[in-house]
1. Which residue pairs have Cβ atoms under 7 Å apart, sit 6 or more places apart or on different chains, and have a first residue in the range 41-69 that is acidic (Asp, Glu) and a second that is buried (at least 21 other Cβ atoms within 10 Å of the Cβ)?
2. Here are GLY290, GLY285, GLY215, GLY211: which of them is modelled with pLDDT under 90 and surrounded by 16 or more Cβ atoms within 10 Å (Cβ to Cβ)?
3. Scan the range 86-97 and tell me whether some residue there is more than 30 Å from ASP328 (Cβ to Cβ), modelled with pLDDT under 90 and either under 18 Å from the mean Cα position of the chain (by Cα) or in the same structural domain as ARG191 (by TED's automatic domain parsing) (or both).
4. Does the range 330-366 hold any residues that are surrounded by fewer than 15 Cβ atoms within 10 Å (Cβ to Cβ) and assigned to a helix (DSSP H, G or I), and which are they?
5. Every residue in the range 200-222 that is aliphatic (A, V, I, L, M) and under 21 Å from the mean Cα position of the chain (by Cα), please.
6. Only one of these is over 22 Å from LEU243 (Cα atoms) and in contact with a Pro (Cβ under 7 Å, 6 or more places away or on another chain): VAL292, VAL318, VAL310, VAL283. Name it.
7. Among the candidates GLU237, GLU317, single out the residue that is among the acidic types (Asp, Glu) and not assigned by TED's automatic domain parsing to the domain that holds GLY211.
8. Within the range 86-102, can you find the residues that are buried (at least 19 other Cβ atoms within 10 Å of the Cβ) and either part of a strand (DSSP E or B) or in contact with a Gly (Cβ under 8 Å, 6 or more places away or on another chain) (or both)?
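The values are calculated or read from the model by the stated rules, or taken from the named source; none is laboratory data. Because the structure is predicted, anything quoted here is derived from the model rather than measured. Cβ coordinates were reconstructed from backbone atoms using ideal geometry, including for glycine residues, and neighbour counts include every protein chain displayed.
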Amino acid sequence: MKWSYTVARVSGIDIRIHATFALILALGAFQWGFPKGLDGESSFAGAVFGMGLMILLFACVVLHELGHSLVAQRFGLTVREIVLLPIGGVARLEKNPEKPLHELLIALAGPLVNVAIAVLLFFAGGVALNFGLVEAQSLLTADGPPTLATLWGWLFLANVGLAVFNMIPAFPMDGGRVLRAALAMRLGFSRGTQIATAIGQAVAFAFGLFGVLSGNFLLVIVALFVFMGAGQERAEEQARTVLTTLRVGDAYNKHALVLSPGDHVSKVVDYILTSYQPDFAVVQGKTFLGVVTRDDVLKALATETNDLYVAGIMRREVLTVDARQGLDEVRRLMGEKGERIAAVNDGDAFLGLVSVEDIGEALVVSSFVQLRDKRRAAAEAEAG
């Protein structure tokens with residue numbers, strides 16, 4: 001993720017902090033350092049306490065995400081990174097688990113980590129009380145001076161809150177994935193996702209309505225976030241369902257214009273204007289050499305006065321996929337590599353190019369074809 005920096009590596013997983021995380025540290029410093037002086041403590045001491053508290057709170061978030069990640073690794077899934085953002089953390093898996101039981105256990109692992117931390121803090125608080133290190137009243141509130149008891153209160157409540165909030169049965173929370181996995185065990189991923197996301201959006205609507213009626217607009221924002229997350233998850237599952245039935249060979253442009261390395265940029269300009277084709281394979285005989293895109297041409301026109309050869313502006317490093325690979329797999333691979341174009345081969349033979357736009361077009365058309373087939377089957381069933 002852009003603007004994020006690696007600060008640690010655990011079990012082969014990069015722990016990264018987004019640059020905007022500094023806002024959380026600033027918030028902690030401001031909240032505890034200003035303006036009240038904190039019962040005789042200097043503002044500087046309060047600011048340090050506030051930043052330290054935020055770091056510890058997000059350490060709990062990292063442990064939550066590591067819970068997901070380590071269980072995912074146990075099931076053979078690759079975890080690319082864990083990124084800390086001001087709104088929380090996210091573990092980025094290379095792909096979603098294919099078995100409902102695996103998704104169930106991965107989703108449960110994060111909240112269980114927070115439950116374990118809360119239990120440890122509970123017993124630690126009990127030990128502190130038993131030895132007279134703190135007073136019971138100081139442990140019952142998180143709104144106090146910057147002391148060990150206040151720190152304990154914040155961490156305990158935060159971990160209980162993380163466990164409870166994340167188990168709400170709505171995407172993108174863990175509870176939504178637990179619900180989907182439980183439904184998928186009987187109904188399959190596609191149907192399970194439809195039901196789980198519908199329940200999630202109903203929960204989000206209830207939260208939003210309560211937030212409006214009570215004047216809690218933070219709850220309204222959370223409800224909107226949950227509602228949109230559920231919709232996005234449903235759309236993603238629908239796309240995955242359709243694209244798993246298609247191969248790259250079904251989607252690449254079989255009638256695309258191609259270039260040779262000796263062609264000039266002016267020729268590519270003519271092709272773009274007359275064919276509306278944005279990407280061109282550069283070939284020598286039957287050998288694929290590279291790709292020239294519309295952006296490459298515009299850059300050359302903006303920076304060069306001579307009519308350059310295509311060989312001088314083409315991209316030689318191009319992602320290569322096989323025509324027999326599934327479109328969903330290739331879409332995911334292109335997303336991971338940050339590529340919008342891939343060269344399509346059949347064995348060693350170059351066939352053409354496939355782009356993100358081609359995959360999107362295949363998704364839309366195939367979705368409508370499947371809808372037509374369902375309606376036709378329903379009509380035939382009624383007629384029969």
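1. Every condition considered, the pairs that remain are GLU65/ILE82; GLU65/GLY89; GLU65/ALA91; GLU65/GLY110.
2. GLY211
3. Yes: the range 86-97 contains one or more residues that are more than 30 Å from ASP328 (Cβ to Cβ), modelled with pLDDT under 90 and either under 18 Å from the mean Cα position of the chain (by Cα) or in the same structural domain as ARG191 (by TED's automatic domain parsing) (or both).
4. Hits for the range 330-366 are GLY335, GLU336, LYS337, GLU357, GLY360, GLU361, VAL364, VAL365.
5. ALA204, ILE221, VAL222
6. Values: VAL292 fails: in contact with a Pro (Cβ under 7 Å, 6 or more places away or on another chain); VAL318 fails: in contact with a Pro (Cβ under 7 Å, 6 or more places away or on another chain); VAL283 fails: in contact with a Pro (Cβ under 7 Å, 6 or more places away or on another chain).
Just one listed residue meets the conditions, VAL310.
7. Of GLU237, GLU317, the one residue that is among the acidic types (Asp, Glu) and not assigned by TED's automatic domain parsing to the domain that holds GLY211 is GLU317.
8. If the condition is that a residue be buried (at least 19 other Cβ atoms within 10 Å of the Cβ) and either part of a strand (DSSP E or B) or in contact with a Gly (Cβ under 8 Å, 6 or more places away or on another chain) (or both), then GLY89, ALA91, PRO100 are the ones that fit.
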